[in-house]
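Novice: Here's a structure for you.
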Number of protein chains: 2
Amino acid sequence: MKDNISGCSVEEAMTVLGGRWRMLIISFLLEKPMRFNELRRAIPNISQRMLTLELRFLEEEGFILREVYAQVPVKVEYSITAEGQKLKKLVNTLQEVGLWLKSR
Amino acid sequence: MKDNISGCSVEEAMTVLGGRWRMLIISFLLEKPMRFNELRRAIPNISQRMLTLELRFLEEEGFILREVYAQVPVKVEYSITAEGQKLKKLVNTLQEVGLWLKSR
């Protein structure tokens with residue numbers, strides 16, 4: 001891969017952000033902060049365990065923020081960070097490609 | 001998902017093109033046609049079986065063309081199609097994001 005820096009970058013992007021769910025979660029949180037159960041309803045095909053793991057990954061990578069509000073019942077909300085905002089262009093491009101793929 | 005057409009498109013794009021290897025293969029073939037073994041050398045981390053499966057998937061989706069040249073030894077070459085060319089913008093965006101991710 002040494003002689004293909006651009007290919008190497010694509011691999012890096014897909015390793016971190018590939019998979020079916022990560023960019024989808026980012027796309028929702030770019031619109032507005034959401035609670036766990038809101039995200040589950042918005043992504044009906046994802047399991048509770050997978051959503052938990054993906055949210056934790058995105059939080060560890062610094063793309064989203066998890067905030068716990070001390071109220072009863074406790075409220076846990078996820079929101080996009082400044083780092084996550086930098087993925088907006090990729091989300092837009094994926095939306096265009098997805099619309100094209102569905103129209104084929 | 002009914003009320004989120006853009007999110008739905010992101011899911012479609014990631015379902016078809018997500019995973020670590022597909023966009024990487026596309027990025028190489030956008031540069032020039034390549035033989036199987038050339039691709040293997042360019043992507044050292046991929047197994048022979050996985051590369052075979054991913055190439056077949058991309059061929060079935062119409063993004064790449066597989067051509068067999070009747071010569072000895074037989075030459076099999078993969079090239080990008082007009083449909084595959086439409087993924088150029090996504091490849092460029094992934095390269096930008098990948099470079100950014102590596103520089104963090």
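Novice: How big is the gap, in Å, between the Cα center of the stretch A:18-66 and the Cα center of the stretch B:8-50?
Specialist: 25 Å
Novice: Shifting gears a bit: As a quick test, which of the pairs A:89/B:75; A:75/B:102; A:89/B:32; B:75/B:102 have an alpha carbon distance above 30 angstrom in this structure? All intermediate terms of the calculation are to be shown ahead of the outcome.
Specialist: Numbers: A:89/B:75 40 Å; A:75/B:102 34 Å; A:89/B:32 26 Å; B:75/B:102 36 Å.
The pairs that break the limit, which is 30 Å between Cα atoms, are A:89/B:75; A:75/B:102; B:75/B:102.
Novice: Given charges of +1 on the Cβ of Lys and Arg and -1 on the Cβ of Asp and Glu, with all other atoms neutral, how large is the dipole of chain B about its Cα centre, in debye to the nearest 20?
Specialist: Numbers: 16 positive and 13 negative charges, 91 e Å.
In total the dipole reaches around 440 debye.
Novice: Report the convex hull volume per residue for the protein assembly as shown, counting only C-alpha atoms, in Å³. Can you show the working numbers first?
Specialist: On the way: hull volume 26.0 nm³, N = 208.
Given the Cα convex hull of the protein assembly as shown, per-residue volume reads 125 Å³.
Novice: For all pairs of alpha-carbon atoms in the stretch A:7-101, what percent lies in each bin of width 5 Å, listed from the first bin to the last filled one?
Specialist: Calculated P(r), rounded to whole percents: 2, 12, 23, 25, 20, 10, 4, 2, 1, 0.
Novice: Reachable aspartates and glutamates from residue B:86, Cα under 12 Å, same-chain residues fewer than 8 places away excluded?
Specialist: A:96
Novice: If you don't mind, another one. Enter the angle in degrees (range 0 to 90, nearest 10) between the Cα long axis of helix B:48-60 and the first principal axis of the Cα atoms of chain B, meaning the one along which they spread out most.
Specialist: It works out to around 70 degrees.
Novice: Here's something else I'd like to know. With both partners inside the stretch B:7-101, how many of the DSSP beta bridges are antiparallel, as a percent to the nearest 5? Mind showing how you got there, number by number?
Specialist: Working: 8 of 8 bridges.
Around 100 percent of the beta bridges assigned by DSSP in the stretch B:7-101 are antiparallel ones.
Every number in this text was worked out from the coordinates using simple rules, so none of it is lab data. Everything numeric in this text was worked out from a predicted model, so none of it was measured. Virtual Cβ from ideal backbone geometry, glycine too; neighbours counted across all protein chains shown.
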